Amino acid sequence: MTRHGPKAAGFPRRAISSEADNTKRKHPNRRARESEEVMEKQMTLLKGLGTGLCVIVLCLLVAPNAKADQWDRRTVVTFNEPVEIPGIGVHVLPAGTYVFKEMGAASDRHTVQIYNQDETHLITTILAIPNYRIKPTNKTVITFAERPAGEPQALKAWFYPGRECGDQFVYGRARAIVIAKEANETVLSTPAPLETATPEVLATAPVEAVTPAGETVATAAVVEPPPAEVAAVVPPAAVAPVAPLPKTASELPLIGLLGLFSLGGGFVLLSLLRRIA
């Protein structure tokens, strides 16, 4: 019994020693797994930052196009009765829904195009002169020249919501004389043959105005000039010449700069997370 005692007492110590050895051998594997988990979290974070940057850049690229309707003043108009219009070709629009767009906007003239409701057909192109109003409204405003009973109203002007500047339409001289006499008001006109004119002709066609008596006058008798800007009077000696700022042809440099800033912020955040881990 005494002989078996030491052997029996030694077995537990060997078992404990074996378990400790196994635990020591498992530590490297555990550290490797923890390192892999940390790296996986960092890669997931980096992928998330990359996705966020892509979304930001995409939004910046799409944002300029979000204002297309404001750029061309696209407006859907519904007439419940026939309307006479100037422009190339057609002279009377039947009752229905149409789309107005301002396609050219020089300082002294505009070009307005009228499409059918689904914008699959260009009906006509109209020459217009900028006209200003004192107080803009938040709704589309279209004015007409009054005509005798049974005659379609003549389209006179179109103001886009929120804008002081609108489009005063120009008729061919022969029609302008008739409308001015019937409506008893001065009408913008051009001697150019609008029935066969092209957009290139409208770009250079002379514009005048016709009174109810058939007299030719300046366009100032019809359209309002742009409002004068109120500025403080400064003595000439106190005014220093200012060099004009260069114009940027595109917003891409700004988009690229914002992308670089976002990418740098992502790397800084990633470095902080590595230090914490």
Restricting to the stretch 76-98, what's the tally of residues that are closer than 27 Å to Ala209 by Cα, touching a residue at least 24 places away in the same chain (Cβ under 8 Å) and not charged (D, E, K, R)? 12
Can you pull out every residue in the stretch 119-144 that is closer than 19 Å to Ile85 by Cβ, of a type outside the set (Ser, Thr, Tyr) and without any contact (Cβ under 8 Å) to a residue 24 or more places away in the chain? Glu119, His121, Leu122
Cross-chain or 6+ apart pairs with Cβ under 9 Å, the stretch 191-206 first and part of a loop (DSSP other than H, G, I, E, B), then acidic (Asp, Glu): Pro191/Glu208
State whether one or more residues within the stretch 170-186 are closer than 23 Å to Gln113 by Cα, at pLDDT below 90 and not in a loop (DSSP other than H, G, I, E, B). no
For the structure I just gave you, tell me whether Ala128 is of a type in the set (A, V, I, L, M, F, W, C), crowded, with 18+ Cβ neighbours inside 10 Å and in contact with a Phe, Trp or Tyr (Cβ under 6 Å, 6 or more places away or on another chain). yes
If we keep just the residues of the stretch 207-222 that are part of a loop (DSSP other than H, G, I, E, B) and of a type outside the set (Val, Ile, Thr), which is nearest to the chain's Cα centre (by Cα)? Ala218
Inside the stretch 188-226, can you point out the residues that are touching a Ser or Thr at 6+ places or on another chain (Cβ under 7 Å) and of a type in the set (Ser, Thr, Tyr)? Thr211
Among the residues of the stretch 145-175, what is the count of those that are surrounded by 15 or more Cβ atoms within 10 Å (Cβ to Cβ) and within 13 Å of Glu84 (Cβ to Cβ)? 11
So which residues in the stretch 176-210 are among the hydroxyl-bearing types (Ser, Thr, Tyr) and surrounded by 18 or more Cβ atoms within 10 Å (Cβ to Cβ)? Thr186, Ser189, Thr190
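The values are calculated or read from the model by the stated rules, or taken from the named source; none is laboratory data. Fair warning: this is a prediction, and the values are worked out from it, not measured in the lab. Using ideal geometry, Cβ is built from the backbone for each residue, glycine included, and neighbour counts are taken over all protein chains shown.
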